[in-house]
1. Which ones in segment 143-164 are assigned to a helix (DSSP H, G or I), under 14 Å from I190 (Cβ atoms), charged (D, E, K, R) and open to solvent by less than 50 Å² (accessible area, probe 1.4 Å)?
2. Which number in (1) among the small types (G, A, S); (2) open to solvent by less than 30 Å² (accessible area, probe 1.4 Å); (3) away from ligand 2 (no atom under 16 Å from the Cβ) marks the one condition that G358 misses?
3. Which residue out of A196, A184 is in contact (Cβ under 8 Å) with a residue 24 or more places away in the chain and under 17 Å from N138 (Cβ atoms)?
4. Go through segment 248-271 and report how many residues are open to solvent by 20 Å² or more (accessible area, probe 1.4 Å) and either in contact (Cβ under 8 Å) with a residue 12 or more places away in the chain or under 20 Å from the mean Cα position of the chain (by Cα) (or both).
5. Restricting to helices (runs of 4 or more DSSP H) lying wholly in segment 225-324: which have 3 or more residues that are of a type in the set (A, V, I, L, M)?
6. Need the failing condition index for Q189 against (1) without any contact (Cβ under 8 Å) to a residue 40 or more places away in the chain; (2) open to solvent by 70 Å² or more (accessible area, probe 1.4 Å), just the number.
7. Under the condition of being hydrophobic (A, V, I, L, M, F, W, C) and in contact with a helix residue (DSSP H, G or I) (Cβ under 9 Å, 6 or more places away or on another chain), which residue from segment 18-35 is farthest from V361 (Cα to Cα)?
8. Can you tell me which of S83, S33, S14 is of a type in the set (G, A, S) and closer than 30 Å to V280 by Cβ?
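The values are calculated or read from the model by the stated rules, or taken from the named source; none is laboratory data. Small disclaimer: the values here were computed from a predicted structure and weren't measured. Cβ placement follows ideal geometry from the backbone for every residue including glycine, while neighbour counts extend to all protein chains displayed. All accessible areas refer to the heavy atoms of the entire protein, side chains included, with ligands and DNA or RNA removed. Shrake-Rupley method; radii C 1.70, N 1.55, O 1.52, S 1.80 Å.
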Amino acid sequence: MLTQLQIHHLRNLSQVALRELGQVNIFYGPNGSGKTSILESVHMLGMSRSFRAGTPRTLVTHGEQRCTVYGVTEFATAGQRASVAVQRELSGELQIKLAGEKLRSVAELVAHLPLQVLNAASFDLLTGSPAARRQFLNWGVFHVEQRFFSEWQRFQRCVKQRNKLLRRGKLEYSELSVWTRELAASGEQIHRYRQAYFEVLAPRFRAIMAELSPGLNGLELRYRKGWDKSLAYGDALASSEVADSEQGYTHVGPQRADLRVTVSGYSAAETLSRGQQKLVVCGLKLAQGQIMAESQPRGCVYLVDDLPSELDVQHCRQVCEALTALQAQVFITCVDAKDLEGMWPEGVNPMMFHVEHGRVVERSATDPTQEQPPSGCT
Ligand SMILES: Nc1ncnc2c1ncn2[C@@H]1O[C@H](COP(=O)(O)OP(=O)(O)O)[C@@H](O)[C@H]1O
Ligand SMILES: [Mg+2]
């Protein structure tokens, strides 16, 4: 897990140094104090970018040239301690260092510190476009199936090439059929990886939802592969070839896959209350994190922004308990300390950090009135 975190010039966090982090780290404070920016910093360490939309200009503190996030990771089971540093220049230039070595690919970083994010944007999993759900599916498969990433790159290359040929208008059939064959093989493989993952995910999701919200009946998770389920991908491509060449793109395939949540057959997005939707999203992310934790020694880190909003106390507690059961490291935010403080099972002593105007102050868990001196904060 992440044991230390230092942040320089990221949004309103001009200089923050947290030299001791725990399994559960609660950041509380008023609106605009910098809580989400702290989660963003951890996200930078795991993914080299923010989870919020925007350019480096919006991420780097106004008037500064670059933002830097530095962390130390320690994994008991893997027996390693390493430093990670990610620096983003205003120009967009990115520098990533893991254990002092410059990394060329973000994929290496991603494997080092696997993350799960639960924030307002996570509602997209239910209410957004299928792209958000495919991304969720891919993220899960990526961490359990090493061959997925290169297959995914191959698949995307094939779709791009095939679409390019389709758009040329005057078709060169022999060339098209070469790419179609390649695409059929790759797309079928992507589907097999996703299907295998889904078969592990669905029962986990069901079990977690039964704990989180036993009253929510008839919940079902379905995977659609992106073409007629009775056909092999090659046959589906053959039957859509006329439409494909008329419109200049490939209509069917894993690029159209989806993951749907229904309640007694109705769309969850259109049926559930906002709070229930949040629980379902939590269920999906917890199920994914559980699989991640089992498939690699490192487990994963949860970044949970404003958990208490939309959830009643009981459900908030259930989510905290489920997070604890995963033994994941948790970075979690709320406005009032009391919204999250008492939510954890016995034996879990969350570290409490008060955030105000970009300063972060650790508060002793045993004495809520005592605030420790700022640790390296300006
Ligand atoms: N590039 C930037 N430079 C300086 N301050 C910024 C920048 N981007 C955002 N801010 C400010 O940073 C503060 C922290 O935002 P945020 O982390 O979202 O707060 P919280 O999650 O605590 O409500 C906000 O007051 C925002 O106005
Ligand atoms: Mg926030």
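1. Across segment 143-164, the qualifying residue is only E151.
2. With respect to (1) among the small types (G, A, S); (2) open to solvent by less than 30 Å² (accessible area, probe 1.4 Å); (3) away from ligand 2 (no atom under 16 Å from the Cβ), G358 is out only on (3).
3. Numbers: A184 fails: under 17 Å from N138 (Cβ atoms).
Being in contact (Cβ under 8 Å) with a residue 24 or more places away in the chain and under 17 Å from N138 (Cβ atoms) holds for just one of A196, A184, which is A196.
4. 8
5. 233-239, 274-295
6. Checking Q189 against (1) without any contact (Cβ under 8 Å) to a residue 40 or more places away in the chain; (2) open to solvent by 70 Å² or more (accessible area, probe 1.4 Å), the one that fails is (2).
7. Checked segment 18-35; the qualifying residue farthest from V361 (Cα to Cα) is V24.
8. Criteria check complete, one pass: S33.
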